[in-house]
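K.L.:
So that we are looking at the same thing, I have put the structure below in structure tokens.
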Amino acid sequence: MAADSVLKVVFEHDGVFVHPSDDEDGVDQDLLVSGSLRILDKDAEILVEFRPLEDAVDPSNMLCAGKDSSSVVEWNQCLERSQSQQLLESQHSYETEWDMVNAVTFRKKTCNNGEGSLNHSHERSRSTFSVSISDLRSITVKEEGWTFLLLQLKDASVSLPPLHFHQGGSREFLDNLRRFALLTESPDDDMCLLVSTPNRALSQSFENLLDDNNFGFVNKFKRDPYVTTLGGFSKVTNYIFDVLRGSEEQQQRPPEEVADLLGEVIPGLEINHQEEPGFEVITRIDLGSRPQVSRQEPLTAEDWTKHQDGEGRMVETSLLKQNIFKGGLCHAVRKEAWKFLLGYFPWESSLEDRKVLQRAKTDEYFRMKLQWKSVSEEQERRNSRLRDYRSLIEKDVNRTDRTNRFYEGIDNPGLVLLHDILMTYCMYDFDLGYVQGMSDLLSPILFVMENEVDAFWCFVAFMDQMHQNFEEQMQGMKLQLIHLSALLRLLDLSFWNYLESQDSGYLYFCFRWLLIRFKRELSFQDVLRLWEVMWTGLPCQNFHLLVCCAILDSEKQKIMEENYGFNEILKHINELSMKLDIEEILQKAEGICLQIQNCKDLPHSVSVILGLDLEPSGADPPGSGSAPRVAQRPDGCSNGHLRETSSQLSCKVAFIS
């Protein structure tokens, strides 16, 4: 028997009005229907519900001032907003709660109108409705001295009454709706917000993606392996979970249907390689043999000191980076070396320069920290965004690397620092704030630095590379999956074709790898080694994509020989966690890079993805085992992507046999 449904009120605002339309006979046009607007979470389905209050309201009891009212005060709220949202909100930046002359109160006895749900049956009463956000097509924002919203459904035959916010609250309603849906400005009407739920459902699911215990509900849902493998592994949680589960009587969905649903989660990955304009269609390429490479011992403190002059400036940095790439760093060197690798310290800076920089950065850090530390409880009650950030941070900090001695136990000072740095980062980048998964990126940095200020600025530098992984539209993740697919097709077309035949060509099983740079796939010490190697920027840009290719290259034989299907592939990849040999992976990934560089007919698109300079320029001969040259791109980050330039690297390539 199904469990009782769980209803959670996410947002509630009284004093929203419905104006009876002129064509409603027998309705007093001088009366307004006042009601309560709510956003509800009902069994992981998000609903927008309006229910009228018992008494209608006479509009003569209230007076709303226009935008030019002298009673309007400046409202400086810190809100997460995209450029399109800023453009839209700048056109109606004053909410009428600041303009009210006479406040109106209502009796909150709600009419008992039953379910009134439009989610499936679209039953309607005159003013009561309840609709799933997945059924919403758009929301149009209009002004008549106050704000009112027009909600349009995907089913054009059904209309909803306009919602009038005479007492303000439209901004809060839209902000809360953005927690569950992506609202983007229509290219045809800058007052119209298009509603898209899959993207937001995806970006909302960091918590379940990063929850190690998530895979434990296999017993509960062992009748449906798709739900089991996706729910905890592929970052496709509530939205996909409910879609895949369906009713209890429903049979398991076929893999091709599941793949289609996954394709909706990250729009843009559904690419027809033969018909998409701009694709470079080439025949199968012979890459030649893969060069054998070797790893070396980690760089010691003595070796590091040899690369400093009398004033503390780093010398022969190219050789130094290559040595770090080939062997990593001994732990004693990391605290200083990571500051250079991440860009916190300039390579050409002297010891005195770095002392001055640290003093300035310390002052800047504590000024930002003071901002959230000095927020009173009363202020925080009026700042929902800050409350949400704090709640997410506290939740994540309490479960981040708790088996590591640096973070274990109750009242651990490491946890306090982790919390404070993440809260201060919200002040540094309030538009992004905190998204689940960012604590995984900070934890190793704080572990190495053992210093709050240094860890913060190193984390800032790392987030500059990783920023797009956590942004609303997941543009960085989509781009990386497309690039990874192009590389895999080049390296092993037959394996890629096999994955495609099993509806796994989108490579969703690599999502967690890319999202937090293998943090949950490797042991803590191996994560330190991998990250410092990638931060050298060698041997090419986006080296982390070749690390993915190296792992898949090691697993392809088992996957193909065992004839793994869609859900078996997901399960197998997930079970690789903590079983990977980092040195073997790095060795293979470097060999793959050299193999690609040695290819004479390398597609231009692949060259751009990896940032390879294929023109002879006095570099070491191919196959010599040294790192290949990387084209210097001022607008890109090695092994990462700058926020404003990632779209420039979205080159496309298709392969045919």
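The values are calculated or read from the model by the stated rules, or taken from the named source; none is laboratory data. Treat the numbers as computed from the prediction; the structure is a model and nothing was measured. Backbone-built Cβ (ideal geometry, glycine too); neighbour counts: all protein chains shown. Quick note on the areas: whole protein, heavy atoms, side chains included, nothing else; ligands and nucleic acids left out. Shrake-Rupley method; radii C 1.70, N 1.55, O 1.52, S 1.80 Å.
K.L.:
Would you list the helices (runs of 4 or more DSSP H) that sit entirely within segment 504-583 and hold 3 or more residues that are touching a residue at least 24 places away in the same chain (Cβ under 8 Å), of a type outside the set (Phe, Trp, Tyr) and out of contact with any Cys (no Cβ under 8 Å at 6 or more places or on another chain)? Spell out the reasoning first.
P.N.:
Numbers: elements: 511-515, 524-534, 543-561, 566-574.
It comes to 524-534, 543-561, 566-574.
K.L.:
While we're here: Quickly run through segment 527-571 and pick out the residues that are under 22 Å from LEU441 (Cβ atoms) and aliphatic (A, V, I, L, M).
P.N.:
VAL527, LEU528, LEU530, VAL533, MET534, LEU538, LEU545, LEU546, VAL547, ALA550, ILE551
K.L.:
Here's a follow-up. What's the number of the only condition in (1) open to solvent by 90 Å² or more (accessible area, probe 1.4 Å); (2) at pLDDT below 95 that ARG359 fails to meet?
P.N.:
(2)
K.L.:
On to the next question. Can you name the residue in segment 310-323 that is in a loop (DSSP other than H, G, I, E, B) and either in contact with a Pro (Cβ under 6 Å, 6 or more places away or on another chain) or open to solvent by less than 60 Å² (accessible area, probe 1.4 Å) (or both) and is also farthest from SER349 (Cα to Cα) among such residues? Quick ask: steps written out before the conclusion?
P.N.:
Of all residues in segment 310-323, those in a loop (DSSP other than H, G, I, E, B) come to 310-313, 315-316.
Pick out the ones that are also either in contact with a Pro (Cβ under 6 Å, 6 or more places away or on another chain) or open to solvent by less than 60 Å² (accessible area, probe 1.4 Å) (or both) and you get 312, 315.
On the way: GLY312: 8, VAL315: 10 Å.
Checked segment 310-323; the qualifying residue farthest from SER349 (Cα to Cα) is VAL315.
K.L.:
Now for a different question. List, please: which pairs have Cβ atoms under 8 Å, are six or more places apart or on different chains, and start with a residue in segment 39-54 that is over 16 Å from GLY169 (Cα atoms) and open to solvent by 50 Å² or more (accessible area, probe 1.4 Å) and end with one that is of a type in the set (A, V, I, L, M) and not in a strand (DSSP E or B)?
P.N.:
Correct list of pairs: LYS42/VAL6; ASP43/VAL6.
K.L.:
Kindly establish whether LYS571 is open to solvent by 10 Å² or more (accessible area, probe 1.4 Å), at pLDDT below 95 and among the basic types (Lys, Arg).
P.N.:
On the way: open to solvent by 10 Å² or more (accessible area, probe 1.4 Å): yes; at pLDDT below 95: yes; among the basic types (Lys, Arg): yes.
Here the answer is yes, as LYS571 does meet what is asked.
K.L.:
Would you confirm whether any residue within segment 253-273 is at pLDDT below 95, of a type in the set (Lys, Arg), in a loop (DSSP other than H, G, I, E, B) and in contact with a helix residue (DSSP H, G or I) (Cβ under 7 Å, 6 or more places away or on another chain)? Even if it seems obvious, please write down each step before you answer.
P.N.:
Taking segment 253-273 as the starting set, the residues that turn out to be at pLDDT below 95 are 253-273.
Cutting the leftovers down to of a type in the set (Lys, Arg) gives us 253.
Narrowing the set further to residues that are in a loop (DSSP other than H, G, I, E, B) leaves 253.
Adding the requirement that they be in contact with a helix residue (DSSP H, G or I) (Cβ under 7 Å, 6 or more places away or on another chain) leaves 253.
Yes - at least one qualifying residue is present in segment 253-273.
K.L.:
Now, a different point. Mind listing whichever residues of segment 432-470 are under 12 Å from LEU342 (Cβ atoms), among the aromatic types (Phe, Trp, Tyr) and open to solvent by 10 Å² or more (accessible area, probe 1.4 Å)?
P.N.:
TRP457
K.L.:
Condition first: surrounded by 22 or more Cβ atoms within 10 Å (Cβ to Cβ) and not hydrophobic (A, V, I, L, M, F, W, C). Now tell me which residues in segment 490-505 satisfy that.
P.N.:
SER504, the sole residue that qualifies.
K.L.:
Next up: Residues in segment 471-489 that are at pLDDT 90 or above, touching a helix residue (DSSP H, G or I) at 6+ places or on another chain (Cβ under 7 Å) and open to solvent by 10 Å² or more (accessible area, probe 1.4 Å): how many?
P.N.:
2
K.L.:
Answer with yes or no whether ARG405 is surrounded by fewer than 16 Cβ atoms within 10 Å (Cβ to Cβ) and out of contact with any strand residue (DSSP E or B) (no Cβ under 6 Å at 6 or more places or on another chain). Talk me through it step by step, then tell me what you get.
P.N.:
Values: surrounded by fewer than 16 Cβ atoms within 10 Å (Cβ to Cβ): yes; out of contact with any strand residue (DSSP E or B) (no Cβ under 6 Å at 6 or more places or on another chain): yes.
Here the answer is yes, as ARG405 does meet what is asked.
K.L.:
Does PHE366 meet the test of being open to solvent by 20 Å² or more (accessible area, probe 1.4 Å) and not acidic (Asp, Glu)?
P.N.:
Working: open to solvent by 20 Å² or more (accessible area, probe 1.4 Å): yes; not acidic (Asp, Glu): yes.
Criteria met by PHE366.
K.L.:
Okay, moving on. ASP429 fails exactly one of the following numbered conditions: (1) open to solvent by 50 Å² or more (accessible area, probe 1.4 Å); (2) touching a His at 6+ places or on another chain (Cβ under 9 Å); (3) charged (D, E, K, R). What is the number of that condition?
P.N.:
The one condition ASP429 does not meet is (1).
K.L.:
State all residues of segment 393-424 that are within 23 Å of LYS361 (Cβ to Cβ), touching a Leu at 6+ places or on another chain (Cβ under 8 Å) and free of Cβ contacts under 8 Å to residues at least 40 places away in the same chain; if no residue qualifies, say none.
P.N.:
Matches in segment 393-424: GLY414, LEU417, LEU418, ILE421, LEU422.
Residue by residue, here is whether (1) aromatic (Phe, Trp, Tyr); (2) free of Cβ contacts under 8 Å to residues at least 12 places away in the same chain; (3) over 30 Å from ASN176 (Cβ atoms); (4) out of contact with any His (no Cβ under 9 Å at 6 or more places or on another chain) holds:
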site	(1), (2), (3), (4)
TYR344	yes, no, yes, yes
LEU351	no, no, yes, yes
GLU364	no, yes, yes, yes
SER374	no, yes, no, yes
SER391	no, yes, no, yes
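K.L.:
Out of segment 523-536, which residues are under 24 Å from PRO346 (Cβ atoms) and either β-branched (Val, Ile, Thr) or open to solvent by 10 Å² or more (accessible area, probe 1.4 Å) (or both)?
P.N.:
Residues satisfying the conditions are VAL533, TRP535, THR536.
K.L.:
Give me the residue from segment 282-308 that is aliphatic (A, V, I, L, M) and in a loop (DSSP other than H, G, I, E, B) and, out of that set, modelled with the highest pLDDT. Reasoning before the result, please.
P.N.:
Applying the first criterion (aliphatic (A, V, I, L, M)) to segment 282-308 yields 282, 285, 287, 293, 299, 301.
From the residues that got through so far, the ones that are in a loop (DSSP other than H, G, I, E, B) too are 285, 287, 293.
Details: ILE285: 81, LEU287: 87, VAL293: 95.
In this case the residue turns out to be VAL293.
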